[in-house]
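Since the structure comes first, as C-alpha cells, the remarks are kept for the end.
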Amino acid sequence: MEHIVIIGNGIAGITAARHIRKASDCRITVISGESDYFFSRTALMYVYMGHMKWDHLKPYEDWFWEKNRIELINAWVDHIDFKNKELGFSSRETLRYDKLILATGSLPNRFGWPGEDLDGVQGMVTKQDLEKLEERTSGIHHAVVIGGGLIGVELAEMLHTRKIPVTLLVRENGFWSSVLPPQDAKMISEHILAHGIDLRHETELEEVLGDEQGRVRAIRTTSGEEIPCEFVGLCAGVRPNIKFLESLDIETHKGILVNEFLETSVPDVYAIGDCAQQKKAIGLRKPVEAVWYTGRIMGETVAQTVTGTRTSYQPGNWFNSAKFFDIEYQTYGWVFNKPGLNEQHFHWQHESGEKAITIAFDTETGKFKGINTFGIRMRQKVFDRWLNEEKTITHVLSNLKAANFDPEFYERHEAEIFKYFTKNLQNT
Ligand SMILES: Cc1cc2nc3c(=O)[nH]c(=O)nc-3n(C[C@H](O)[C@H](O)[C@H](O)COP(=O)(O)OP(=O)(O)OC[C@H]3O[C@@H](n4cnc5c(N)ncnc54)[C@H](O)[C@@H]3O)c2cc1C
C-alpha cells in the first residue's frame with residue numbers, strides 16, 4: 001500500500017491528510033514535533049487571555065484520527081534521504097515514504113540582536129512559546145514587544161489583558177505601515193495608544209540587556225534609550241521553517257520552491273503552507289504567504305495531486321482578516337500601502353475612530369481593485385464576485401449595503417459614505 005507521509009500537523013498538513021483520506025485508501029502518516037494533535041494556531045492568544053482552554057483549540061476530537069486511519073507521530077524529523085525515500089528522526093529512528101508532503105510552517109524572524117537568546121526573550125508562534133510565555137510573564141512589571149505586525153499587536157493585547165504594561169516598538173511611522181495605507185495605519189496606531197499601550201513609532205531594537213542570571217532586565221533602542229523590562233516578545237515577522245533542509249538536495253530560497261502543482265525539485269516531494277514558496281508568483285500575490293486559508297487551499301490542492309488528479313494551486317482573490325484590539329480588519333483584493341500607477345485610494349473614517357473604509361480603484365477605468373474595512377464586517381462572497389466581474393468603484397459604492405453584515409450601520413452611514421466618495425471622485 002502506498003505510504004504518504006506529511007511533516008507538519010498544521011492547517012496545511014492536516015487538510016492534506018483529510019483530503020487524501022477522502023480520495024484514497026493509502027497509508028497516511030502525519031508527523032509533528034510540536035503537538036500530538038492539530039490545533040488552531042490563530043486562536044493561541046485566547047488561551048493566554050483565559051477565553052479558551054487548550055483543548056478548545058483542537059477542531060477534531062482525539063478519536064477522529066484513528067477512525068480515519070491517519071497515523072500521528074509526535075517527533076522531530078532532522079534528516080531526509082530523498083534518494084532512498086526515508087526520514088530520520090532526532091531519536092535516530094527512521095520511516096520510509098512513497099510520497100512526502102512538507103508542511104513545516106514558519107519560525108519567528110531573528111536578526112542576530114545582541115541578547116536575543118537571554119531568558120525571557122521569545123517569539124509567539126508555537127504551543128511551546130505559549131507555555132513559556134505563561135511561565136515568564138507571571139508577576140512581571142513590564143514587557144516590550146518588538147514588531148508592528150499582526151502577531152506583535154496580538155501579543156501586546158495578550159499581555160495587556162493580564163494588566164502587564166507593554167511597550168510596543170515599531171520601526172515604521174505607523175502601525176503595520178508596510179501593508180496598510182497611511183490613514184489606516186494611523187487609525188490603528190491611535191487605537192492601540194488609546195488602549196494604554198506605549199506604542200513607539202520609528203523605534204528600533206539595538207540590544208537586549210541581561211542580568212547576572214542571564215535573564216532579560218531591559219532593552220536598548222537604536223537611539224540609546226534603555227527600557228527596563230522582564231520580558232521581550234520578538235514579533236518582527238516570520239520566515240519559512242526550512243532550516244533542517246538546508247544541507248539537502250532540494251531547491252529552496254526563502255521557502256521550499258514549488259511549481260504551480262506544489263511539486264518541489266525532488267520527485268514525489270511536495271511543499272504546502274507557510275514553508276512553501278511559489279517559483280513563479282501568482283498574479284500580485286507574494287511567493288510566500290503565511291496565512292491560514294492559503295495553507296488550507298494548498299492542503300486541498302496537493303491532496304488531489306498526490307492521489308492522482310494533478311491539480312494546480314488556485315488561491316483566487318486575495319483576502320485576509322485580523323483584529324487589532326477592538327477593531328476588526330478585513331481586506332479583499334489589493335489595497336497596497338501606496339497607490340500604484342493609475343490608482344487612487346479613497347478613505348472614509350467614522351468620527352468614532354473605530355470604523356473606516358479604504359478603497360483602491362483605477363483612475364482611468366474606474367475599476368475596483370480592493371477594499372480595506374475596519375470595524376465593518378463585509379461578506380467575502382460579494383467582494384469575490386465583484387472582483388471577478390471587474391466591477392467599477394461606482395458599482396461597489398452603490399451596492400456596498402449588499403456586502404455588509406450590519407444593515408443597521410448602513411442605514412445610518414451609507415448616504416454619508418457615498419456622498420463623501422462621490423464628492424472626492426468628482427474632484428479627480
Ligand atoms: C499568533 C499567530 C496568530 C495568527 N493569526 C492569523 C490570523 O488571524 N489569520 C491568518 O490567516 N493567519 C494567522 N496566522 C498565521 C497562520 O497561523 C499560519 O499561516 C498557519 O498556521 C500555517 O499553517 P501551516 O500548516 O503551514 O504550518 P504550521 O501551523 O506552522 O504547522 C507546521 C508544523 O510542522 C511542525 N514541524 C516543522 N518542522 C518539523 C520537523 N522537522 N519535524 C517535525 N515537525 C515539524 C511544526 O512544529 C508545526 O507543528 C497566525 C500565526 C500566529 C503565530
Given 360-366, 211-217, the highest-first ranking by average Cβ count within 10 Å works out to 360-366, 211-217
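From largest to smallest, what semi-axes in whole angstrom does the stretch 121-236 give when each is the square root of 5 times an eigenvalue of its alpha carbon gyration tensor?
23, 16, 12
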Under Karplus coefficients 6.51, -1.76 and 1.60, residue-wise ³J(HN,Hα) of the stretch 355-367 in Hz, glycine/proline x: 9, 7, 9, 10, 10, 9, 8, 7, 5, 7, 9, x, 4
Can you send over the carbon and sulfur percentage of the accessible area for the chain, probe radius 1.4 Å, protein chains only? 48 percent
Cut-off under 5 Å, modelled amide H: who pairs with Ser265 long-range: Glu251
Which pairs in the list Lys186/Lys323; Lys279/Lys369; Lys323/Lys355; Lys127/Lys323; Lys254/Lys286; Lys323/Lys401 are over 19 Å apart, alpha-carbon to alpha-carbon? Lys279/Lys369; Lys127/Lys323; Lys323/Lys401
In Å and whole numbers, how far do the C-alpha atoms of the chain stretch along each principal axis, longest first? 67, 59, 38
Using a ≥ b ≥ c from the Cα gyration tensor of the stretch 222-338 (square roots of the eigenvalues), is it rounded, prolate or oblate, where a/c under 1.5 gives rounded and otherwise the larger of a/b and b/c decides, a/b for prolate? oblate
Check Ile219: other-chain or 5+ apart residues with amide H under 5 Å from its amide H, H built from backbone geometry? Leu209, Ile227, Cys229
Can you give the % of DSSP beta bridges in the chain that are antiparallel, to the nearest 5? 60 percent
Using DSSP to define loop residues, name the trypsin sites (Lys or Arg not before Pro) in the stretch 1-65 whose beta-carbon has at most 12 other beta-carbon atoms within 10 Å. Lys53
For the chain, whose charge dipole is built from +1 on Lys and Arg Cβ atoms and -1 on Asp and Glu Cβ atoms, the candidate among Ala236, Val170, Ile297 with its Cα farthest towards the positive end is Ile297
Quick one: which of 270-279, 96-105 comes out on top by average Cβ neighbours within 10 Å, and what's the full order, highest first? 270-279, 96-105
Here the relative contact order (percent) of the chain, from C-alpha pairs under 8 Å and at least 6 apart, is 14 percent
For 327-340, 230-243, ranked highest to lowest by mean beta-carbon neighbours within 10 Å, the order is 230-243, 327-340
For the chain, set up a GNM with springs between Cα atoms under 10 Å and report which of His345, His191, His395 has the largest fluctuation. His395
Rg (one decimal) and Dmax (whole number) from the Cα set of the stretch 37-104, in Å, equal 15.8, 48
What residue among Trp176, Trp113, Trp76 shows peak mean-square fluctuation when the chain is described by a Gaussian network model with Cα springs under 10 Å? Trp113
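What accessible area per residue, rounded to a whole number of Å², is obtained for the stretch 319-426 using a probe radius of 1.4 Å?
50 Å²
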Cα centre as origin, Lys/Arg/Asp/Glu Cβ charges: the chain dipole, Debye: 1200 debye
By what distance, in whole Å, do the Cα atoms of the stretch 323-410 stretch along each of the three principal axes, largest value first? 35, 26, 19
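To the nearest 20 debye, what is the magnitude of the charge dipole of the stretch 167-226 about its Cα centre, counting +1 on the Cβ of each Lys and Arg and -1 on the Cβ of each Asp and Glu?
160 debye
The values are calculated or read from the model by the stated rules, or taken from the named source; none is laboratory data. Fair warning: this is a prediction, and the values are worked out from it, not measured in the lab. Using ideal geometry, Cβ is built from the backbone for each residue, glycine included, and neighbour counts are taken over all protein chains shown. All accessible areas refer to the heavy atoms of the entire protein, side chains included, with ligands and DNA or RNA removed. Shrake-Rupley method; radii C 1.70, N 1.55, O 1.52, S 1.80 Å.
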